[in-house]
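Heads up: the structure comes next, in structure tokens.
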Amino acid sequence: MPPKIHTGVDLTLIAGVLILFIITGVNPKSTIEPCSNNDSCNALLGYTLYTDLKVSELAALFQIDPINLLAANSIDISYPDVESHILPSQLFLKIPITCSCVDGIRKSVATHYKTRPSDTLSNIADAVYGGLVSADQIKEANSIADPSVLDVGQNLVVPLPCTCFNGTDNFLPAIYMSYVVKPVDTLAGIAARYKTTTTDLMGVNALGNAAIEDGDILAIPLSACSSNFPRYASDYALSVPNGGYAITADHCVECSCTSGSRLYCQPASLSVSCSSMQCKTSNLMLGNVTVQQSSAGCNVTSCGYGGFVNGTIITTLSSSLQPRCPGPQQVPPLTAPPTVVSPDMLFAPSPSPSQLSGVPVGGLPGSVVPSTSSSIAFPPSANGPIGSASNACGMVNPLSSFSLTVVLVLFLKVMLPFL
């Protein structure tokens, strides 16, 4: 006679373990966006400095323009010798990158890293790049057979996460930032910090619940202002997140997102040898706006930016009659390059104009604010990103939906004889 099997406690324990296993397995370690075209978009990486770095060193780490790096974080680019300024360890910054479609997945592959003595793939992934990539991803991207053997000076491709989602979130312009979850983070806290909702973050990242873990990579939508430059412009589809700047036209023009959710562009502080920025048939320069009150309303004339075409800055003059003269609008305040890290600089993004007393938009004498006319406006709405993300990156999160199905089937096969 076979021994009696005590199933009650054992099966209850097994069921509990499996349920816990399944629940904790739905959290993504990385959000990837499938793609089928060659279009690219502006994207951001949320990055915490692992050591003190010069602005130029940090820019080289991600192979981006140092000026674009500073502008994205509303740091004054006219600061003396700003590219040699040393940024403090543990400073949180937004890194502007271009997100491209590579082998059917949205990612940035323009970043390369030259190995140093004592480097390991884990150190490069976790420390140098702050968990934005895994050791396995670097190993696969570079076809490394033995990860314990790295040559000093070896040039490694570092695949970094990014998403585009049509440049929209809930049908409004947005730029997505890849963010590495920290031990103190909660989904509700992240949502509040970046002016979004828990529901939106769950939808964007295909989360089954609001539970997140240290090291997870989330795509966070940041409200943005989009351009309507012609497709033949070199800065076509330029988009700027709220609270930051973008430098374009060979460092001649800087654009920001005003509190009225409109793209506002003006001459950059570094502009020296630039093409004309004066609107034709007018004495207005780029970014200038004049208003004139009349009995019929307010006549508003503005000189806007229309893109950078064949080395020429395109300006557009627009006039409109508005019921009332527009009030003062503000652009994000510029700050000096940080030398120390305060608690509010560890995780928070650059403030939006509505969060701080921004800098009023200036211009020629008698000029006041950027126009709210259609010279610079939003592009047509596109489909939102909800449901566009896959559940996880297989190299980082090995528990896929297929493996969950197998676990459930095996569990049922074990349970059915005892039901």
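The values are calculated or read from the model by the stated rules, or taken from the named source; none is laboratory data. Keep in mind the model is a prediction, meaning the values are calculated, not measured. Please note: Cβ atoms are built from the backbone with ideal geometry, for glycine as well, and neighbour counts cover all protein chains shown.
Worth pointing out:
- Residue among Val309, Val340 that is surrounded by fewer than 16 Cβ atoms within 10 Å (Cβ to Cβ), at pLDDT 90 or above and β-branched (Val, Ile, Thr): Val340
- Of all residues in segment 242-268, those satisfying the criterion of being within 15 Å of Gly306 (Cα to Cα) and either in a loop (DSSP other than H, G, I, E, B) or not assigned by TED's automatic domain parsing to the domain that holds Pro326 (or both) are Ala249, Asp250, Cys252, Arg262.
- Members of segment 241-262 found to be among the aliphatic types (A, V, I, L, M) and touching a Pro at 6+ places or on another chain (Cβ under 9 Å), listed by number: Ala246, Val253
- Residue in segment 270-283 that is touching a helix residue (DSSP H, G or I) at 6+ places or on another chain (Cβ under 8 Å) and within 20 Å of Cys252 (Cβ to Cβ) present: yes
- Flag for Gly260 being surrounded by fewer than 18 Cβ atoms within 10 Å (Cβ to Cβ) and over 30 Å from Tyr79 (Cβ atoms): no
- Of all residues in segment 272-288, those satisfying the criterion of being modelled with pLDDT under 90 and either surrounded by 20 or more Cβ atoms within 10 Å (Cβ to Cβ) or not small (Gly, Ala, Ser) (or both) are Val272, Thr281.
- Test: residue in segment 143-151 that is modelled with pLDDT of 95 or more and more than 18 Å from Ser100 (Cα to Cα): no
- Contacts under 6 angstrom Cβ, first residue in segment 125-153 being assigned to a loop (DSSP other than H, G, I, E, B), partner acidic (Asp, Glu), 6 or more apart: Leu150/Asp119
- Residue check for Ala60: touching a residue at least 12 places away in the same chain (Cβ under 8 Å), of a type in the set (A, V, I, L, M), under 23 Å from Leu156 (Cβ atoms) and surrounded by fewer than 22 Cβ atoms within 10 Å (Cβ to Cβ): no
- Test: Ser134 is crowded, with 22+ Cβ neighbours inside 10 Å, closer than 21 Å to Leu222 by Cβ and small (Gly, Ala, Ser): no
- Residues (of a type in the set (Ser, Thr, Tyr), under 16 Å from the mean Cα position of the chain (by Cα) and part of a loop (DSSP other than H, G, I, E, B)) located in segment 205-237: none
- Taken over segment 204-238, the criterion of being closer than 18 Å to Pro183 by Cβ, surrounded by fewer than 18 Cβ atoms within 10 Å (Cβ to Cβ) and not acidic (Asp, Glu) is satisfied by Ala210, Ala211, Gly215.
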